[in-house]
1. If R0 is 41 Å, what FRET efficiency do you get for L113 and I10 from their C-beta distance, rounded to 0.05?
2. By how many nm would the segment from L21 to E102 grow when fully extended, if each residue of separation counts as 0.36 nm and the alpha-carbon distance is taken off?
3. Any idea what the relative contact order of segment 12-200 is, in percent, if you count C-alpha pairs under 8 Å spaced at least 6 apart?
4. Can you put R78, R38, R190 in order of Cβ neighbours within 10 angstrom, beginning with the fewest?
5. Beyond 24 Å, how much of the Cα-Cα pair distribution for segment 12-200 remains, as a whole percent?
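Derivation of every value follows stated rules applied to the coordinates shown; laboratory data play no part. Treat the numbers as computed from the prediction; the structure is a model and nothing was measured. In this analysis, Cβ positions are derived from the backbone assuming ideal geometry, glycine residues included, and neighbour counts consider all displayed protein chains.
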Amino acid sequence: MKRKTAFTLIEVLVVVAIIALLVGILLPSLASARTQARRVTCATQLHQVGVAMVAYMQDSRDRMPYVSDMPSLGLGPRPLYAPGKPIYFADVLAKQLKGGREVLRCPNDTPGLTDRGAPNTGRSFFQSERSSYKYRDSLNGLTPLDFNKMPHGRPGHEHQHPQDRHPAESIWFACDYWNFHGKEGQIGARRYVYIDGHVSDYEN
């Protein structure tokens, strides 16, 4: 008569412990892979935005567009910032942007990610601004050469000092609205796209 074989309680617990250990080892790796995949997707989309801007500037004789800083608030673009018809980044590049407006959605720009006030409480930037990427509105209406000649940019805006000026093609024109890819101050937390179309973790 054959004996019935069965797992003992200790054997079951050992197997469960091994599975739990493997899961604990693999989950961080999977999370890291997903994070990296979202960064790559964001960079790819920003590059497409850069290509679209190159095409726009060819059509506009090298002059940058006017775009509102936060169109959902109903303000026109700088330098006036007056109530009026806001200009959305997505609308400006609609003709040149291949792949449609979804290209302007960062995969990490999700509803409720940031503590935003009314009228955008609980909304993603893509939902409210039609783009996860913020246009650098100190470029409004300028050519890259004009912008590079300005020692401090328009009042209230950051700009490199004269000794830190860069060639026109290394001027960034859009970046993530928020630190979608890391903590504030961390390199790579925001991605930047430059006038020549390349994407970087760094702000020049």
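1. 0.35
2. 25.2 nm
3. Across segment 12-200, relative contact order equals 22 percent.
4. R38, R78, R190
5. Roughly 45 percent, once rounded to a whole number.
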